[in-house]
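Asks: Structure incoming, see below.
Taken together, the values in this text are just the output of simple stated rules run on the coordinates, not laboratory data. Keep in mind that what you see is a predicted model, and the values were worked out from it rather than measured. Every residue, glycine among them, receives a Cβ derived from its backbone with ideal geometry; neighbour counts consider all protein chains shown.
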Amino acid sequence: MASLMDELTDTLDKECEVYRALIPISEMKTKALVDEDLDELQKATDQEREYLDAAENLEKKRKTCMKNMGLVLGKKEDELTLKALSDILAGQSEQQKKINELHDRLKKVMDRLVSVNKRNQSLIENNMEMVEYELNIMKSSLTPQDAGNNYTRNASRQTGVYDPGLSTTFDARQ
């Protein structure tokens, strides 16, 4: 159990550091979105992908550790959270303290990362709305409103000039 505990705390510590390193990258994305700097945004996204791959690997390792600890402790995998593990370790104050500290650090880092990512998501949505708005303006300027596709019965374009030879009245006898 001690080796599993060491492996878990080591994995959680590394995971926390990876997420902490993602915060400045996410903030760099925020600046790139505000400045509309696509090159900088691409660079930040590429860096972010590297860290997210590392975080994914660490998360798999953490889940394996928790699963193995669950087997040792006779707990189901979905029941064994860090808080539940902390409660189980009530008699082992040093390990309990370490788990609690890691939990708090991870929560703080994740809260900050979620906040920055929500802001980035909002900026992206606003930018997409602006692009859509500008596209609609461009589309409407390409086809003037008064030169629409108004065709008469004889399939000639109606230009707004009165032509007495073309009747537009309804014939009820037909």
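Asks: Take the Cα gyration tensor of segment 20-126, multiply each eigenvalue by 5, square-root it, and list the three semi-axes largest first, rounded to whole angstrom.
Replies: Details: eigenvalues 259, 41, 24 Å².
Its equivalent ellipsoid spans semi-axes of 36, 14, 11 Å.
Asks: On a full-extension model of 0.36 nm per residue, what is the gain between residue 43 and residue 122, subtracting their alpha-carbon distance, rounded to one decimal in nm? It would help to have the intermediate numbers written out before the result.
Replies: On the way: separation 79, 0.36 × 79 = 28.44 nm, distance 1.99 nm.
Result: 26.5 nm gained on full extension.
Asks: Given R₀ = 25 Å, what would the calculated FRET efficiency be for residue 97 paired with residue 21, taking r from the Cβ atoms and rounding to 0.05?
Replies: On the way: r = 25 Å, r/R0 = 1.00.
For R0 = 25 Å, the calculated efficiency reads 0.50.
Asks: For segment 36-99, compute Rg over Rh where Rg is the Cα radius of gyration and Rh is the Kirkwood radius from the inverse mean 1/r over Cα pairs.
Replies: Values: Rg = 17.9 Å, Rh = 14.2 Å.
That ratio equals 1.26.
Asks: Among the aspartates and glutamates, select those whose C-alpha is under 19 Å from the C-alpha of residue 31, and discard any that sit fewer than 8 residues away in the same chain.
Replies: The reachable aspartates and glutamates, counting only those whose Cα sits under 19 Å from residue 31, are 39, 40, 46, 48, 125, 129.
Asks: In addition: So how far apart, in nm, are the two label points at residue 2 and residue 63 if each is 7 Å from Cα heading toward Cβ?
Replies: 3.0 nm
Asks: Given R₀ = 30 Å, FRET efficiency for residue 111-residue 139 by Cβ-Cβ distance, to 0.05?
Replies: Details: r = 42 Å, r/R0 = 1.41.
Efficiency, rounded to the nearest 0.05: 0.10.
Asks: Loop-only trypsin sites (Lys or Arg not before Pro) in segment 3-79, please: DSSP not H, G, I, E or B, and at most 10 other Cβ atoms within 10 Å. The partial results should precede the final answer.
Replies: Numbers: sites: 14, 20, 29, 31, 43, 49, 60, 61, 62, 63, 67, 75, 76; in loops: 75, 76.
Taking segment 3-79 and a limit of 10 other Cβ atoms within 10 Å, the loop trypsin sites (Lys or Arg not before Pro) found are 76.
Asks: Hey, another quick one. Where a Cα-Cα gap under 28 Å defines reach, which lysines qualify for residue 63, not counting those fewer than 8 residues away within the same chain?
Replies: In chain and number order, the partners are 14, 75, 76, 83, 97, 98, 107, 108, 118.
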